[in-house]
Amino acid sequence: MGRSTQGFSPSHPAQQFYDPLPGDGQYPYAYLPLAPRRQNRWHLSFFLRSAFGLLAVVLVGISAFFLWPRQTGIHMTLLRLEGVHVDVKRGDSIIPRVFLDITLRLRVRVVNPNYFGVDYKSVTAVIFYNEEKLGYVDSEGGKVPARSTAYVSATLNLTGIELGRNVLSLLEDLAARRVPFSTKAHFRGRIRILFFEVPMEADVSCNLVIDPEDQAILSEDCDLQV
């Protein structure tokens, strides 16, 4: 018996189920895309620049937070009149001469919020009557450590201070047993940051009314001035 050759005859070639690769038929090949190396490098470089830029901004912000000087605070914690004596001398003039003896104790609290110490030359205390300057005193200098608080005390002793233009006003206040005084404490310092020195100044003023007979403070009002 012979085999049947139906379906394999030359007049019926076999059906192809794939597409031939391009080429000359002898060495088939395919086109493969090249890896985008330059584009990847550009993206990597952009990412690194952005990361370094963000890091620089963060470092500058942190440095500014620690190095930027903050205002020193000053507060009056003690204000005491230990003695007020008024001497009225009547002469040939219609207006008598008035002399004051005053002893004033005060203490201020200096708050340093900076991360560096503050050096100060002195704290100056001045006393006024009706905007007329009676006298002042300077405390000793010192240093307020970083992020801390220091107390500075001063005593003002005035003896035989003669009033000028406010004699009549003082006589009226003495008769009413209400004599107004005002004080001001002035802080002068400096903060040293690396190679720079930044001046620091602050004032605190207080208005008080006293009874000259029993030396009592009838009212007191303090205000911080930067």
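FYI, it's all coordinate maths here, none of it is from the lab. Every value quoted in this text rests on a predicted model; they were computed, and no experiment measured them. Quick reminder, even Gly has a Cβ in these numbers, built from the backbone with ideal geometry, and neighbours come from all protein chains shown.
Put simply, the C-alpha atoms of the range 76-205 give a gyration tensor, and the ellipsoid matching it has half-axes of 38, 13, 11 Å, longest first. If you take all other residues with their beta carbon under 14 Å from the beta carbon of LEU78, and give Lys and Arg +1 and Asp and Glu -1, the sum is +2. Modelled label positions at LYS89 and GLU197, each set 7 Å beyond Cα in the direction of Cβ, lie 4.5 nm from each other.
Within the shell of other residues whose beta carbon sits under 15 angstrom from the beta carbon of GLN215, the net charge comes to -3, with Lys and Arg scored +1 and Asp and Glu -1.
In the range 78-226, taking the dipole from charged Cβ atoms about the Cα centre, the farthest positive-side position among VAL209, PHE181, VAL118 is held by VAL118. The convex hull drawn around the Cα atoms of the range 171-226, when projected onto a plane and averaged over every direction, covers 4.9 nm². Note on ARG80 and LEU174: the extension gain reaches 31.9 nm, defined as 0.36 nm multiplied by sequence separation minus the Cα-Cα distance.
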